[in-house]
Amino acid sequence: MKDDAYSLILAAIEGGTYRPGDRLVESELAERFGVSRTPVREALQRLETQAMLVRDGRSLIVASLDHNQLAELYTVRAELEALAGRLAARHATPEEVRVLAHMLAEDQANAGDPEALARTNKRFHRQIHLASHNRYLVQQLDLVHRTMALMARTSLAAEGRSETALAEHKRIVDAIAAGDGQAADQALRQHISMAWETRLRLDAQAVE
(Lines give C-alpha, C1' and ligand atoms only; values in the text may rest on other atoms or scores of the structure.)
Protein backbone atom coordinates (compact mmCIF):
# COMPACT_ATOMS: atom_id res chain seq x y z
CA MET A 1 0.00 0.00 0.00
CA LYS A 2 2.88 2.34 0.82
CA ASP A 3 4.43 1.80 -2.62
CA ASP A 4 0.99 2.15 -4.23
CA ALA A 5 0.50 5.57 -2.63
CA TYR A 6 3.97 6.62 -3.74
CA SER A 7 3.36 5.46 -7.31
CA LEU A 8 -0.02 7.17 -7.46
CA ILE A 9 1.32 10.52 -6.25
CA LEU A 10 4.40 10.31 -8.47
CA ALA A 11 2.23 9.48 -11.50
CA ALA A 12 0.03 12.48 -10.72
CA ILE A 13 3.09 14.74 -10.67
CA GLU A 14 4.47 13.22 -13.87
CA GLY A 15 1.07 13.54 -15.55
CA GLY A 16 0.75 17.21 -14.66
CA THR A 17 -2.13 16.81 -12.21
CA TYR A 18 0.15 18.42 -9.63
CA ARG A 19 2.53 21.03 -10.99
CA PRO A 20 5.55 22.83 -9.52
CA GLY A 21 4.37 25.04 -6.68
CA ASP A 22 1.20 23.04 -5.97
CA ARG A 23 0.62 22.20 -2.31
CA LEU A 24 0.02 18.54 -1.45
CA VAL A 25 -2.30 17.92 1.48
CA GLU A 26 -2.16 14.50 3.12
CA SER A 27 -5.90 14.22 3.81
CA GLU A 28 -6.84 15.35 0.29
CA LEU A 29 -4.46 12.86 -1.30
CA ALA A 30 -5.78 10.01 0.86
CA GLU A 31 -9.34 10.80 -0.21
CA ARG A 32 -8.40 11.28 -3.87
CA PHE A 33 -6.59 7.96 -4.17
CA GLY A 34 -8.74 5.96 -1.78
CA VAL A 35 -5.95 5.04 0.64
CA SER A 36 -5.35 5.68 4.32
CA ARG A 37 -3.30 8.64 5.50
CA THR A 38 -0.38 6.59 6.83
CA PRO A 39 0.89 5.31 3.44
CA VAL A 40 0.29 8.79 1.98
CA ARG A 41 2.39 10.34 4.75
CA GLU A 42 5.19 7.84 4.11
CA ALA A 43 4.97 8.43 0.35
CA LEU A 44 5.24 12.19 0.84
CA GLN A 45 8.28 11.72 3.05
CA ARG A 46 9.89 9.54 0.39
CA LEU A 47 9.18 12.10 -2.34
CA GLU A 48 10.65 14.81 -0.13
CA THR A 49 13.88 12.85 0.34
CA GLN A 50 14.03 12.50 -3.46
CA ALA A 51 13.71 16.30 -3.81
CA MET A 52 10.43 15.95 -5.68
CA LEU A 53 8.72 17.87 -2.89
CA VAL A 54 10.02 20.75 -0.75
CA ARG A 55 8.92 22.33 2.50
CA ASP A 56 7.09 25.64 2.54
CA GLY A 57 6.56 26.27 6.21
CA ARG A 58 4.57 23.28 7.41
CA SER A 59 3.33 22.41 3.92
CA LEU A 60 4.85 20.26 1.21
CA ILE A 61 4.80 21.62 -2.33
CA VAL A 62 5.88 20.17 -5.65
CA ALA A 63 9.44 21.30 -6.28
CA SER A 64 10.46 23.49 -9.19
CA LEU A 65 13.77 23.65 -11.03
CA ASP A 66 15.74 26.88 -11.48
CA HIS A 67 17.91 27.64 -14.50
CA ASN A 68 21.09 26.15 -13.01
CA GLN A 69 19.32 22.95 -11.98
CA LEU A 70 17.86 22.58 -15.47
CA ALA A 71 21.28 23.12 -17.06
CA GLU A 72 22.82 20.49 -14.78
CA LEU A 73 19.96 18.07 -15.49
CA TYR A 74 20.30 18.41 -19.25
CA THR A 75 24.08 17.99 -19.05
CA VAL A 76 23.71 14.71 -17.17
CA ARG A 77 20.84 13.59 -19.36
CA ALA A 78 22.83 14.15 -22.55
CA GLU A 79 25.70 11.98 -21.29
CA LEU A 80 23.46 9.17 -20.03
CA GLU A 81 21.14 9.14 -23.05
CA ALA A 82 24.16 9.08 -25.40
CA LEU A 83 25.59 6.13 -23.51
CA ALA A 84 22.23 4.35 -23.67
CA GLY A 85 22.11 4.87 -27.42
CA ARG A 86 25.65 3.62 -27.86
CA LEU A 87 24.94 0.48 -25.84
CA ALA A 88 21.58 -0.08 -27.54
CA ALA A 89 23.31 -0.03 -30.94
CA ARG A 90 25.53 -2.81 -29.62
CA HIS A 91 23.05 -4.90 -27.63
CA ALA A 92 19.49 -4.27 -28.89
CA THR A 93 17.75 -7.37 -30.19
CA PRO A 94 15.97 -7.33 -33.57
CA GLU A 95 12.68 -7.33 -31.66
CA GLU A 96 13.67 -4.26 -29.66
CA VAL A 97 14.68 -2.43 -32.82
CA ARG A 98 11.31 -3.23 -34.39
CA VAL A 99 9.54 -1.91 -31.27
CA LEU A 100 11.48 1.36 -31.57
CA ALA A 101 10.49 1.63 -35.24
CA HIS A 102 6.84 1.02 -34.30
CA MET A 103 7.04 3.70 -31.61
CA LEU A 104 8.45 6.10 -34.18
CA ALA A 105 5.40 5.48 -36.36
CA GLU A 106 3.13 6.18 -33.37
CA ASP A 107 5.02 9.41 -32.70
CA GLN A 108 4.43 10.54 -36.28
CA ALA A 109 0.70 9.90 -35.84
CA ASN A 110 0.74 12.20 -32.78
CA ALA A 111 2.80 14.97 -34.40
CA GLY A 112 0.00 17.54 -34.04
CA ASP A 113 -0.65 16.81 -30.36
CA PRO A 114 2.25 17.95 -28.11
CA GLU A 115 0.81 16.38 -24.95
CA ALA A 116 0.26 12.99 -26.61
CA LEU A 117 3.69 13.23 -28.21
CA ALA A 118 5.23 13.99 -24.81
CA ARG A 119 3.76 10.74 -23.47
CA THR A 120 4.96 8.64 -26.40
CA ASN A 121 8.32 10.40 -26.23
CA LYS A 122 8.82 9.12 -22.68
CA ARG A 123 8.05 5.57 -23.78
CA PHE A 124 10.41 5.92 -26.75
CA HIS A 125 13.33 6.99 -24.58
CA ARG A 126 12.50 4.34 -21.99
CA GLN A 127 12.69 1.68 -24.70
CA ILE A 128 16.17 2.89 -25.69
CA HIS A 129 17.23 2.72 -22.05
CA LEU A 130 16.00 -0.88 -21.79
CA ALA A 131 17.68 -1.78 -25.09
CA SER A 132 21.02 -0.75 -23.57
CA HIS A 133 20.78 -3.89 -21.41
CA ASN A 134 22.51 -2.12 -18.51
CA ARG A 135 20.39 -2.10 -15.36
CA TYR A 136 22.53 0.50 -13.58
CA LEU A 137 22.26 2.92 -16.47
CA VAL A 138 18.50 2.38 -16.59
CA GLN A 139 18.27 3.21 -12.87
CA GLN A 140 20.16 6.48 -13.33
CA LEU A 141 18.05 7.46 -16.32
CA ASP A 142 14.88 6.69 -14.35
CA LEU A 143 16.07 9.19 -11.75
CA VAL A 144 16.77 11.82 -14.41
CA HIS A 145 13.39 11.35 -16.09
CA ARG A 146 11.58 11.41 -12.75
CA THR A 147 13.17 14.78 -12.02
CA MET A 148 12.13 16.01 -15.47
CA ALA A 149 8.53 15.69 -14.31
CA LEU A 150 9.19 18.89 -12.34
CA MET A 151 9.37 20.91 -15.55
CA ALA A 152 6.13 22.79 -16.00
CA ARG A 153 5.70 22.12 -19.72
CA THR A 154 7.09 20.03 -22.52
CA SER A 155 9.54 21.49 -25.02
CA LEU A 156 7.53 19.63 -27.68
CA ALA A 157 4.88 22.35 -27.36
CA ALA A 158 7.18 24.88 -29.05
CA GLU A 159 6.26 25.74 -32.62
CA GLY A 160 7.93 23.36 -35.05
CA ARG A 161 9.62 21.30 -32.33
CA SER A 162 7.45 18.21 -32.82
CA GLU A 163 8.54 17.85 -36.44
CA THR A 164 12.25 18.33 -35.75
CA ALA A 165 12.11 15.99 -32.73
CA LEU A 166 10.57 13.25 -34.85
CA ALA A 167 13.31 13.65 -37.46
CA GLU A 168 15.86 13.35 -34.64
CA HIS A 169 14.11 10.22 -33.36
CA LYS A 170 14.36 8.67 -36.82
CA ARG A 171 18.12 9.29 -36.93
CA ILE A 172 18.43 7.65 -33.51
CA VAL A 173 16.46 4.56 -34.56
CA ASP A 174 18.34 4.29 -37.85
CA ALA A 175 21.69 4.40 -36.02
CA ILE A 176 20.63 1.76 -33.47
CA ALA A 177 19.21 -0.47 -36.22
CA ALA A 178 22.51 -0.19 -38.12
CA GLY A 179 24.49 -1.09 -35.00
CA ASP A 180 26.36 2.23 -35.28
CA GLY A 181 27.11 3.18 -31.70
CA GLN A 182 28.93 6.40 -32.55
CA ALA A 183 26.08 7.63 -34.74
CA ALA A 184 23.52 6.74 -32.04
CA ASP A 185 25.62 8.59 -29.45
CA GLN A 186 25.83 11.71 -31.62
CA ALA A 187 22.15 11.59 -32.62
CA LEU A 188 21.05 11.46 -29.00
CA ARG A 189 23.43 14.25 -27.96
CA GLN A 190 22.03 16.45 -30.71
CA HIS A 191 18.47 15.51 -29.74
CA ILE A 192 18.97 16.46 -26.08
CA SER A 193 20.85 19.63 -27.05
CA MET A 194 17.97 20.75 -29.26
CA ALA A 195 15.45 19.98 -26.49
CA TRP A 196 17.47 22.11 -24.06
CA GLU A 197 17.80 24.97 -26.55
CA THR A 198 14.05 24.85 -27.19
CA ARG A 199 13.32 24.97 -23.46
CA LEU A 200 15.60 27.99 -23.08
CA ARG A 201 13.66 29.78 -25.82
CA LEU A 202 10.33 28.90 -24.19
CA ASP A 203 11.54 30.19 -20.82
CA ALA A 204 12.80 33.40 -22.42
CA GLN A 205 9.44 33.97 -24.09
CA ALA A 206 7.64 33.39 -20.79
CA VAL A 207 9.35 36.38 -19.14
CA GLU A 208 8.95 38.81 -22.03
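The values are calculated or read from the model by the stated rules, or taken from the named source; none is laboratory data. Predicted model only: the values in this text are computed from it and were never measured. Each accessible area value is taken on the protein alone, full model and side chains, heavy atoms only, with ligands, DNA and RNA left out. Shrake-Rupley method; radii C 1.70, N 1.55, O 1.52, S 1.80 Å.
Here are a few things to note about the model shown:
- Once backbone amide H atoms are built at 1.01 Å from N, LEU60 has LEU24 as its partners under 5 Å, excluding neighbours fewer than 5 places away on the same chain.
- Taking every protein chain into account, the accessible area of the chain amounts to 54 square angstrom per residue (probe 1.4 Å).
- Quotient of the Cα radius of gyration of the chain and 2.2 N^0.38 Å, N being its number of residues: 1.08.
- Axial C-alpha extent at least 27 Å, average Kyte-Doolittle at least -1.0 - helices from the chain (DSSP): 67-91, 181-206
- Rounded if a/c under 1.5, otherwise prolate or oblate - the stretch 5-62, Cα gyration tensor axes: rounded
- Candidates LEU47, LEU117, LEU100, ranked by Gaussian network fluctuation over the chain, Cα under 10 Å, top entry: LEU47
- Ligands, DNA and RNA excluded, the heavy atoms of PHE33 present near 50 Å² of accessible surface to a 1.4 Å solvent probe.
- Spatial offset of the stretch 1-70 relative to the stretch 73-120 amounts to 28 Å, using the alpha carbon center of each.
- Taking GLY34, GLY15, GLY181 as the candidate residues, the one with maximal mean-square fluctuation in a Gaussian network model of the chain, Cα springs under 10 Å, is GLY34.
- Under a Gaussian network description of the chain, with springs only between Cα atoms under 10 Å, the residue in HIS191, HIS133, HIS169 that fluctuates furthest is HIS133.
- Binning the alpha carbon pair distances of the stretch 56-168 at 10 angstrom intervals from zero yields the distribution 13, 38, 37, 10, 3, 0, expressed in whole percent.
- Only DSSP H runs of four or more residues enter the estimate; each adds -39500 (n - 2.57), and after division by the residues of the chain the mean residue ellipticity at 222 nm equals -24000 deg cm²/dmol.
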